[in-house]
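Please read the structure below before turning to the comments.
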Amino acid sequence: MSIYQIAVDGPSGSGKSTLAKGVAKELGIMYLDTGAMYRTCGLAAIKRRIDPKDDAQVKRLMDEIKLEVKFIDGEQHMILDGEDVTGDIRTPQVSVAASDISALPVVRTAMVEMQRSIARKQSFVLDGRDIASNVLPNAKYKFFVTAKASTRAERRLAELQERGDFSQSYEEVLRDIEYRDEQDMNRLSAPLVQVPEAIVINTDEHTIEGTRDLLLSYINEVN
């Protein structure tokens, strides 16, 4: 088969990243975590003590930093100014900074350009907020994965606690989810939208494994 892309969009905590990774593995193609790219920009702002909502400060930041995506043994690594920060971008603080900084057009323009460049080289599954609507509008397969905010908060809390992070309560995680939803849906640059042609899957109703198999069945139907 020729090079193709699979776009998996959806709100924070809907399970799209786990799902996209599983689909990529089953199909034997690459997975690009676009959220990790925005998280790395957020981490850069934190490291330099820059307000991630300030256009002028962030513009200078984007001009100064060197952000790279590397695939090592099939795993995506985020490199910031020569340092592998893959293990540093999953904190609640970085999540909030990423949500703020990703709303700025200068950041989205830079990241979308990188994402398109990477996806042109071989077949990829990409997940994010604006893959089908903005990054890869001509993707062969388009999915929109969603779930209730309460379900997503429960999942996110479980993920944090599995990593040994007990610093947040359910209520705090839920507020963060709702804040990110508001940011993602109402930003001026490439907001979170469900494109009409996307197949919608609600993960409230399916396990991750069941959802993965459902997506694969749709892909096999098209092929």
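Every read-out reported here was derived from the displayed coordinates using simple, explicitly stated rules and does not represent laboratory data. Here the structure is a predicted model, which means the values were calculated and not measured. Cβ placement follows ideal geometry from the backbone for every residue including glycine, while neighbour counts extend to all protein chains displayed.
Restricting attention to region 145-223, which trypsin sites (Lys or Arg not before Pro) occupy a DSSP loop and are surrounded by at most 11 other Cβ atoms within 10 Å? Please list the in-between numbers first.
Numbers: sites: 148, 152, 155, 156, 163, 175, 180, 187, 212; in loops: 148, 163, 187.
Loop-located and lightly packed - 163.
Note on the chain: helix-only mean residue ellipticity at 222 nm, from DSSP H runs of 4+ residues weighted -39500 (n - 2.57) and normalised by residue number, equals -15500 deg cm²/dmol. On a 31 Å Cα-Cα criterion, which of the cross-link pairs 59/121; 16/66; 59/140; 59/148 come out too long? As for pairs spanning more than 31 Å Cα to Cα, those are 59/140; 59/148.
FRET efficiency for the residue 64 to residue 220 pair, using the beta carbon distance and R₀ = 41 Å, is estimated at 0.35.
What share of the DSSP beta bridges in the chain is antiparallel, in percent to the nearest 5? Around 30 percent antiparallel, to the nearest 5. For the pair residue 179 and residue 88, label points projected 7 Å from Cα toward Cβ lie 2.2 nm apart. Given (i) 1.02; (ii) 1.07; (iii) 0.97 as candidate values of Cα Rg over 2.2 N^0.38 Å, which corresponds to the one derived from the coordinates? From the options (i) 1.02; (ii) 1.07; (iii) 0.97, the structure gives (iii). In this structure, residue 150 and residue 73 have a Cβ-Cβ separation that, at R0 = 35 Å, corresponds to a calculated FRET efficiency of about 0.45.
Please identify every one of the trypsin sites (Lys or Arg not before Pro) in region 3-73 that sits in a loop by DSSP and has no more than 12 other beta carbons within 10 Å of its own beta carbon. It would help to have the intermediate numbers written out before the result.
Working: sites: 16, 21, 25, 39, 47, 48, 49, 53, 59, 60, 66, 70; in loops: 48, 49, 53, 66.
Passing both the DSSP loop test and the Cβ count: 48, 49, 66.
Label sites at residue 163 and residue 140, each approximated as a point 7 angstrom past Cα along Cα to Cβ, lie 3.3 nm apart. Counting neighbouring beta carbons within 10 Å and listing from fewest to most, the residues 218, 31 come out as 218, 31.
Excluding same-chain neighbours fewer than eight residues apart, the aspartates and glutamates reachable from residue 47 by a Cα-Cα span under 19 Å are 55, 63, 64, 68, 81, 83, 84, 88, 100. Here's the list of aspartates and glutamates a cross-link from residue 25 could span, going by alpha-carbon distance under 19 Å and ignoring same-chain residues fewer than 8 apart: 9, 33, 73, 75, 127, 209, 213, 221.
Exactly which chymotrypsin sites (Phe, Trp or Tyr not before Pro) in region 131-185 are in a DSSP loop and have at most 11 other Cβ atoms within 10 Å?
Working: sites: 141, 143, 144, 166, 170, 179; in loops: 166.
Those satisfying the criteria are 166.
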